[in-house]
Amino acid sequence: GAANPVSLVIDRNKNVQANFSPKILYSFVTSASAGGAVSPGGTYNAGTVVTISATPDSTHDFAGWSGDAAGTSNPVSLTLDRNKAVQANFTPKLFALTTSATTGGNVTPGGSYAYGTSVTVSAAPDATHRFIGWAGDASGSAPSILVTLTSPLNVQAVFTNKTAQTVTF
């Protein structure tokens, strides 16, 4: 840190008096929303430049700073010219759910969903086809399934032609 300013007073009797200005200290407080961590704060000399980093966990993304910092630069540096407080903000990661269907029916549209979201996907055959099961990142033969987004998913509804029926009298 910088040296303290000093003033010296010498009187006629050659007595010396030193006057020291106290150091100015500022507090720097950091916090993080759910989903990540931030560098710790502390107490620093006035004029100190502090650099802090936000670290999201595996299910979140860094969304930006609030308080005495703004924007999405990571890390970010601040000059302590007063007491300051900064929060790192995180949002759940978004994952794509891609759905498709073979010829003969329709499936619930896909989309983009936050980590951990559960989505019901349904298959509907047309009049000349029947639903036979799921392919890709889903399985089973139930026409509606529940998928949970913890990664990008590709789900395909599989249809086949209805078998012709013969009626004998």
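Numbers below:
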| quantity | calculated |
| --- | --- |
| Selected residue (only one of Ala135, Ala123 is surrounded by fewer than 18 Cβ atoms within 10 Å (Cβ to Cβ), in a strand (DSSP E or B) and in contact with a strand residue (DSSP E or B) (Cβ under 9 Å, 6 or more places away or on another chain)) | Ala135 |
| Options Gly104, Gly116: the member that is crowded, with 16+ Cβ neighbours inside 10 Å and touching a residue at least 40 places away in the same chain (Cβ under 8 Å) | Gly104 |
| Yes/no for Thr59 being of a type outside the set (D, E, K, R), over 14 Å from the mean Cα position of the chain (by Cα) and open to solvent by less than 70 Å² (accessible area, probe 1.4 Å) | no |
| Contacts under 9 angstrom Cβ, first residue in region 137-164 being farther than 12 Å from Val121 by Cα and of a type in the set (Phe, Trp, Tyr), partner in a loop (DSSP other than H, G, I, E, B) and open to solvent by 80 Å² or more (accessible area, probe 1.4 Å), 6 or more apart | Phe159/Thr103 |
| Count - residues of region 142-169 that are open to solvent by 60 Å² or more (accessible area, probe 1.4 Å), part of a loop (DSSP other than H, G, I, E, B) and either among the charged types (D, E, K, R) or modelled with pLDDT of 95 or more (or both) | 3 |
| Restricting region 85-101 to residues that are out of contact with any Ser or Thr (no Cβ under 8 Å at 6 or more places or on another chain) and either within 21 Å of Ser139 (Cα to Cα) or not hydroxyl-bearing (Ser, Thr, Tyr) (or both), the residue that is most open to solvent (accessible area, probe 1.4 Å) | Thr98 |
| Contacts under 6 angstrom Cβ, first residue in region 57-75 being part of a loop (DSSP other than H, G, I, E, B), partner loosely packed, with under 11 Cβ neighbours inside 10 Å and among the polar types (S, T, N, Q), 6 or more apart | Pro75/Thr51 |
| Verdict on Val76 being open to solvent by less than 50 Å² (accessible area, probe 1.4 Å), farther than 30 Å from Phe28 by Cα and more than 12 Å from the chain's Cα centre (by Cα) | no |
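The values are calculated or read from the model by the stated rules, or taken from the named source; none is laboratory data. Just so it is clear, the model here is predicted, and its values are computed rather than measured. Cβ atoms come from the backbone with ideal geometry, glycine included; neighbour counts cover every protein chain shown. Heads up: the accessible areas ignore ligands, DNA and RNA and are worked out on the full protein's heavy atoms, side chains in. Shrake-Rupley method; radii C 1.70, N 1.55, O 1.52, S 1.80 Å.
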